[in-house]
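These notes are about the structure you will find just below.
The values are calculated or read from the model by the stated rules, or taken from the named source; none is laboratory data. The shown structure was predicted, so the numbers you read here are calculated from the model rather than taken from an experiment. Methodologically, a virtual Cβ is constructed for each residue, glycine included, from the backbone with ideal geometry; neighbour enumeration extends over all protein chains shown.
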């Protein structure tokens with residue numbers, strides 16, 4: 001066990017997919033800073049290869065006597081035996097679950113070997129085919145050291161071992177891989193064996209870790225080096241387990257977080273803050289809050305110059321300790337909308353509200369093929385049109401709370417995501433996914449709050465079927481509302497056929513905001529490009 005440090009940073013690189021190269025690059029950037037000066041930097045890396053094991057590394061410095069050494073020579077496996085199977089005492093309690101995970105890995109590997117055998121049989125000789133099939137009948141040489149990064153057990157094991165072996169005053173966990181917000185089956189996607197985390201499983205991993213932190217402590221910062229995870233629903237799932245959530249509302253570049261400037265900033269913050277000074281600060285000015293805001297700024301500044309290549313990014317830090325209050329404000333706002341939508345007495349006002357909702361939804365900053373919207377921006381777009389007293393009051397209070405208490409810092413670069421204010425929420429156009437009701441933020445049957453509003457909105461704004469002669473009109477009207485009985489068209493999104501939009505008609509120009517250190521220089525360049533001088 002190492003001596004207690006100020007910070008232990010645990011970076012979980014889910015690279016068993018198309019992000020393998022980006023994961024290696026991330027470690028080379030970490031290596032430029034390295035552990036030391038009060039910071040432990042620990043990574044777990046699962047590459048895209050059945051026969052390459054998952055490794056844990058204690059990241060060291062690249063500069064030793066003026067010589068830069070290759071990455072592999074400067075990284076030390078955290079386990080004394082050099083074996084990934086060494087776990088913390090708490091992690092060993094999950095041996096049965098790990099055995100099941102390894103069994104699934106073996107089964108997947110055997111199936112892959114059989115696929116190879118079938119391919120060789122087409123073009124090769126019978127003897128080659130027999131040899132490969134004979135090998136596939138036995139347990140493949142995948143080894144027990146390959147992992148499913150999409151398993152909550154694998155994530156828990158990594159974090160638990162880091163907490164036990166590298167104790168610290170503050171803990172930061174960074175999950176680097178794929179992400180898809182509230183959508184299932186994509187978070188920290190692993191291709192061998194195939195797996196991914198749900199938001200419920202993410203919560204379970206942190207619940208298991210929580211007692212090991214002691215003294216009712218929480219993870220200080222959870223960084224999501226993934227796409228689409230800065231969501232109200234995700235933050236709510238982590239309430240009581242994490243203090244601060246950092247992530248993007250939008251899609252993130254494949255290159256991910258700029259680890260070198262972020263880790264240097266962390267060491268600078270430690271060096272510039274004494275224990276006495278930190279103890280005297282109020283909650284939102286303590287070091288974890290300053291670090292979180294600095295990470296957001298460092299990320300956006302790193303990508304600020306990329307506007308020349310058409311890249312837009314956003315990043316935000318959310319105060320998870322305030323997420324239960326956020327939910328209360330969202331439920332109040334949703335309740336006001338639901339009441340007005342179902343007001344049969346004021347039919348004209350109800351029709352106007354439906355139109356206003358559709359237009360605000362159309363105009364608002366959106367993400368993931370318009371499945372998510374920025375919560376603040378949607379409220380703003382709606383309240384510019386809708387003056388119902390209860391809706392206006394509830395929406396105004398929600399916007400004020402987001403801006404003043406929930407979003408600690410929000411920055412963007414580029415035009416596409418410039419109406420990002422820090423936190424998004426699920427807001428589909430035509431139907432609510434069945435799995436959405438499994439999240440704590442919503443409840444099981446979509447009977448209250450935001451879930452109830454979504455169910456009513458998608459039903460009441462649906463277009464009526466086209467009149468046809470001799471058609472059973474009663475059946476058509478019923479079918480138009482009984483959405484669950486009929487097959488739906490493919491949803492918009494990264495794997496769909498339609499382009500991924502950030503808004504229906506987004507702006508093509510954005511002035512650099514206050515987060516961008518070189519804002520004036522970028523502004524002059526943009527003005528020349530768009531002939532705005």
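Name the residues in region 218-238 that are farther than 16 Å from residue 407 by Cβ and in a loop (DSSP other than H, G, I, E, B), would you? Before the answer, list the steps.
The initial filter retains those residues of region 218-238 that are farther than 16 Å from residue 407 by Cβ, namely 218-220, 225-228, 237.
Answer for region 218-238, where residues must be farther than 16 Å from residue 407 by Cβ and in a loop (DSSP other than H, G, I, E, B): 218, 226, 227, 228.
Under the condition of being in contact with a strand residue (DSSP E or B) (Cβ under 7 Å, 6 or more places away or on another chain) and either at pLDDT below 90 or not in a loop (DSSP other than H, G, I, E, B) (or both), which residue from region 135-162 is nearest to residue 204 (Cα to Cα)? Give the derivation first.
Filtering region 135-162 for residues in contact with a strand residue (DSSP E or B) (Cβ under 7 Å, 6 or more places away or on another chain) gives 147-152, 155, 158-159, 162.
Imposing the further condition that a residue be either at pLDDT below 90 or not in a loop (DSSP other than H, G, I, E, B) (or both) reduces the set to 147-148, 152, 155, 158-159, 162.
Working: 147: 18, 148: 16, 152: 7, 155: 10, 158: 14, 159: 13, 162: 18 Å.
Checking each candidate, the answer is 152.
How many residues are touching a strand residue (DSSP E or B) at 6+ places or on another chain (Cβ under 6 Å) and buried (at least 23 other Cβ atoms within 10 Å of the Cβ) when one looks only at region 244-260? Lay out the reasoning, then the answer.
Step one: list which residues in region 244-260 are touching a strand residue (DSSP E or B) at 6+ places or on another chain (Cβ under 6 Å), which gives 244-250, 256-257.
Narrowing further to those that are buried (at least 23 other Cβ atoms within 10 Å of the Cβ): 244-250, 257.
Going through region 244-260 one residue at a time, the tally reaches 8.
Say whether the condition of being modelled with pLDDT of 95 or more and within 27 Å of residue 238 (Cα to Cα) is met by at least one residue in region 348-360.
no
Inspect all residues belonging to region 278-292 and state whether any of them is in contact with a strand residue (DSSP E or B) (Cβ under 6 Å, 6 or more places away or on another chain) and under 24 Å from residue 418 (Cβ atoms).
Yes, because at least one residue in region 278-292 is in contact with a strand residue (DSSP E or B) (Cβ under 6 Å, 6 or more places away or on another chain) and under 24 Å from residue 418 (Cβ atoms).
Look through 415, 428 and report the one residue that is at pLDDT 70 or above, part of a loop (DSSP other than H, G, I, E, B) and out of contact with any helix residue (DSSP H, G or I) (no Cβ under 7 Å at 6 or more places or on another chain).
Values: 428 fails: out of contact with any helix residue (DSSP H, G or I) (no Cβ under 7 Å at 6 or more places or on another chain).
The unique qualifying residue is 415.
Conditions: (1) in a helix (DSSP H, G or I); (2) under 12 Å from the mean Cα position of the chain (by Cα). Residue 188 meets all but one. Number of the miss?
The one condition residue 188 does not meet is (1).
Given the conditions (1) at pLDDT below 90; (2) closer than 27 Å to residue 195 by Cβ; (3) surrounded by 14 or more Cβ atoms within 10 Å (Cβ to Cβ), report the number of the one that residue 60 does not fulfil.
(2) is the only condition that residue 60 fails.
Take the conditions at pLDDT below 95 and part of a helix (DSSP H, G or I) and apply them to residue 324. Does it pass? Can you show your working first?
Details: at pLDDT below 95: no; part of a helix (DSSP H, G or I): yes.
Considered against the rule, which asks whether it is at pLDDT below 95 and part of a helix (DSSP H, G or I), residue 324 comes out as no.
From the list 328, 334, 347, 317, which residue is touching a residue at least 24 places away in the same chain (Cβ under 8 Å) and not assigned by TED's automatic domain parsing to the domain that holds residue 246? Steps first, answer last, please.
Numbers: 328 fails: touching a residue at least 24 places away in the same chain (Cβ under 8 Å); 347 fails: touching a residue at least 24 places away in the same chain (Cβ under 8 Å); 317 fails: not assigned by TED's automatic domain parsing to the domain that holds residue 246.
Only one candidate qualifies: 334.
Identify, from the list 303, 299, the residue that is buried (at least 20 other Cβ atoms within 10 Å of the Cβ), closer than 23 Å to residue 231 by Cα, in contact (Cβ under 8 Å) with a residue 40 or more places away in the chain and in contact with a helix residue (DSSP H, G or I) (Cβ under 8 Å, 6 or more places away or on another chain).
The conditions single out 299.
Considering every residue within region 38-49, establish whether at least one is touching a residue at least 60 places away in the same chain (Cβ under 8 Å), under 20 Å from the mean Cα position of the chain (by Cα) and over 24 Å from residue 289 (Cα atoms).
Yes, some residue in region 38-49 is touching a residue at least 60 places away in the same chain (Cβ under 8 Å), under 20 Å from the mean Cα position of the chain (by Cα) and over 24 Å from residue 289 (Cα atoms).
How many residues are touching a helix residue (DSSP H, G or I) at 6+ places or on another chain (Cβ under 7 Å) and either closer than 14 Å to residue 149 by Cα or without any contact (Cβ under 8 Å) to a residue 12 or more places away in the chain (or both) when one looks only at region 12-37?
In the first step, residues of region 12-37 are kept if they are touching a helix residue (DSSP H, G or I) at 6+ places or on another chain (Cβ under 7 Å); the result is 12-13, 15, 26-33, 37.
Narrowing further to those that are either closer than 14 Å to residue 149 by Cα or without any contact (Cβ under 8 Å) to a residue 12 or more places away in the chain (or both): 12-13, 15.
Within region 12-37, residues that are touching a helix residue (DSSP H, G or I) at 6+ places or on another chain (Cβ under 7 Å) and either closer than 14 Å to residue 149 by Cα or without any contact (Cβ under 8 Å) to a residue 12 or more places away in the chain (or both) number 3.
Assess whether residue 221 counts as being closer than 18 Å to residue 409 by Cα, crowded, with 22+ Cβ neighbours inside 10 Å and in contact with a helix residue (DSSP H, G or I) (Cβ under 6 Å, 6 or more places away or on another chain). Spell out how you get there, then give the answer.
On the way: closer than 18 Å to residue 409 by Cα: yes; crowded, with 22+ Cβ neighbours inside 10 Å: yes; in contact with a helix residue (DSSP H, G or I) (Cβ under 6 Å, 6 or more places away or on another chain): yes.
Against the criterion (closer than 18 Å to residue 409 by Cα, crowded, with 22+ Cβ neighbours inside 10 Å and in contact with a helix residue (DSSP H, G or I) (Cβ under 6 Å, 6 or more places away or on another chain)), residue 221 qualifies.
Assuming residue 465 fulfils every condition listed in (1) at pLDDT 90 or above; (2) touching a helix residue (DSSP H, G or I) at 6+ places or on another chain (Cβ under 8 Å) apart from one, which condition is it?
Only one criterion is unmet by residue 465, namely (1).
Is it true that some residue in region 279-290 is in the same structural domain as residue 62 (by TED's automatic domain parsing), without any contact (Cβ under 8 Å) to a residue 60 or more places away in the chain and closer than 28 Å to residue 32 by Cα? Spell out how you get there, then give the answer.
In the first step, residues of region 279-290 are kept if they are in the same structural domain as residue 62 (by TED's automatic domain parsing); the result is 279-290.
Next, from what is left, pick out any that are without any contact (Cβ under 8 Å) to a residue 60 or more places away in the chain: 279-283, 285-286, 290.
Filter once more, keeping what is closer than 28 Å to residue 32 by Cα: 286, 290.
Looking for residues that are in the same structural domain as residue 62 (by TED's automatic domain parsing), without any contact (Cβ under 8 Å) to a residue 60 or more places away in the chain and closer than 28 Å to residue 32 by Cα, one finds at least one in region 279-290, hence yes.
Which one of these is assigned to a helix (DSSP H, G or I), outside the structural domain of residue 232 (by TED's automatic domain parsing) and either closer than 30 Å to residue 383 by Cβ or out of contact with any strand residue (DSSP E or B) (no Cβ under 6 Å at 6 or more places or on another chain) (or both): 357, 263? Outline the logic, then answer.
Numbers: 263 fails: outside the structural domain of residue 232 (by TED's automatic domain parsing).
Step by step, each of 357, 263 is checked, and only 357 is assigned to a helix (DSSP H, G or I), outside the structural domain of residue 232 (by TED's automatic domain parsing) and either closer than 30 Å to residue 383 by Cβ or out of contact with any strand residue (DSSP E or B) (no Cβ under 6 Å at 6 or more places or on another chain) (or both).
The conditions are (1) at pLDDT 75 or above; (2) touching a strand residue (DSSP E or B) at 6+ places or on another chain (Cβ under 9 Å); (3) surrounded by 14 or more Cβ atoms within 10 Å (Cβ to Cβ), and residue 501 fails exactly one of them. Which is it?
For residue 501, the failing item is (1).
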